[in-house]
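Right, one structure below, let's go through it.
The values are calculated or read from the model by the stated rules, or taken from the named source; none is laboratory data. Here the structure is a predicted model, which means the values were calculated and not measured. As a convention, Cβ positions derive from the backbone with ideal geometry for all residues, glycine included, and neighbour counts pool all protein chains shown.
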Amino acid sequence: MSSKEGKYNIKAICQMLGIQPGTLRAWERRYKMIEPVRNQAGHRLYTEEHVAILRWLIEKVNNGFTIGQAVGLMEKGNIIFDVTAEKKKDDYSEQLADEILEALLQFRENKAHELMNQAFSLFNVEKVTIEILGPLLVRVGDMWEKGDITVAHEHFISSFLRTKIGNIFQSFPVDGYLPKVVAVCGPQEKHELGLLIFTLFLRRKGFEVVYLGGGIPERDVELVIKEVSAKFFFTSCTLSLNLPSTFALINHLEETFEDLIIGVGGTALSYMSEKDEQKYGKYVVGITKQDWESWLSAHLKR
């Protein structure tokens with residue numbers, strides 16, 4: 001298929017790029033930087049070239065430009081968008097993730113550091129943390145649960161990634177106008193890196209996050225929420241056997257803090273019963289950046 005042929009509808013584009021449909025339509029109306037093609041039914045379709053243009057604009061906006069400034073820069077810069085280059089970059093990010101994992105499984109820390117530096121030189125922080133480190137964490141967790149790697153491997157890799165993510169976490173500025181967040185792993189949970197990735201996403205947006213990690217007694221969680229006047233509370237559960245205690249914590253906090261907005265994530269949620277899904281589904285933040293964006297946008301309006 002040619003890069004000039006319509007391929008993606010607006011829903012697919014928004015999920016792919018992490019942008020709200022209303023925002024995309026507003027950009028198109030005001031700046032006319034792209035013009036979707038229409039299929040026989042009159043529906044808007046976006047080409048590979050449109051994807052490359054939008055990805056470039058969103059990256060500029062994420063780096064501090066207004067959309068107007070980004071469009072102006074694009075128009076003045078005589079920029080050529082190479083759609084094959086975009087695909088190659090995505091493929092290379094997957095290759096880097098594989099190489100980082102291989103280095104860590106061999107306990108080659110210096111090599112892993114070298115590959116991480118390479119990733120940060122090619123991609124923005126958000127892509128590295130959410131699209132490279134995030135899936136890497138899931139793979140490591142799956143390998144550990146299946147017995148494909150040792151406890152030593154899991155601890156070494158977790159320690160390496162926790163240090164990297166923690167350093168990035170502290171580098172982001174805080175927007176004092178945004179509500180405060182408390183994040184803690186669910187009861188008996190040992191795997192905290194998934195929650196750390198999510199809180200990194202929040203810090204990237206300017207939220208002040210009090211990250212407590214795992215092993216925090218319920219009374220201490222309450223104390224911190226009161227102390228910082230948190231509006232949001234996030235927790236995670238990776239092991240299905242810990243789901244009941246995680247749900248119990250949610251129930252307790254909901255009863256204790258009437259205005260607290262609660263979110264939960266983690267791989268164990270895929271094992272929820274239909275009954276639990278009906279009751280707790282509203283708290284689930286999802287597993288992709290697009291899921292997180294949608295959930296957060298909906299709850300910030302409260």
Just checking, does segment 244-257 include any residue being touching a residue at least 24 places away in the same chain (Cβ under 8 Å), surrounded by fewer than 18 Cβ atoms within 10 Å (Cβ to Cβ) and of a type in the set (Gly, Ala, Ser)? yes
In this structure, is Glu274 closer than 15 Å to Val184 by Cα, free of Cβ contacts under 8 Å to residues at least 60 places away in the same chain and surrounded by fewer than 20 Cβ atoms within 10 Å (Cβ to Cβ)? no
For Ile130: the one exception among (1) in contact with a Lys or Arg (Cβ under 7 Å, 6 or more places away or on another chain); (2) at pLDDT below 75; (3) over 23 Å from Gly64 (Cα atoms): (3)
For Leu45, all conditions in the list (1) within 22 Å of Phe123 (Cβ to Cβ); (2) assigned to a strand (DSSP E or B) hold save one; what is the number of the exception? (1)
Unmet criterion (only one of (1) touching a residue at least 12 places away in the same chain (Cβ under 8 Å); (2) more than 27 Å from Asn124 (Cα to Cα); (3) out of contact with any Asp or Glu (no Cβ under 9 Å at 6 or more places or on another chain)) for Val228: (3)
Checked segment 169-178 for anything in contact with a helix residue (DSSP H, G or I) (Cβ under 8 Å, 6 or more places away or on another chain) and not in a helix (DSSP H, G or I); matches are Phe172, Val174
Going through segment 220-241 in order, the residues found to be over 20 Å from Arg139 (Cα atoms) and surrounded by 19 or more Cβ atoms within 10 Å (Cβ to Cβ) are Val221, Ile225, Ala230, Lys231, Phe232, Phe233, Phe234, Thr235
Name the helices (runs of 4 or more DSSP H) wholly within segment 190-302 that hold at least 1 residues that are at pLDDT below 95 and in contact with a Leu (Cβ under 6 Å, 6 or more places away or on another chain)? 193-204
Within segment 133-152, identify whether any single residue is among the polar types (S, T, N, Q), surrounded by 15 or more Cβ atoms within 10 Å (Cβ to Cβ) and out of contact with any Lys or Arg (no Cβ under 7 Å at 6 or more places or on another chain), and answer yes or no. no
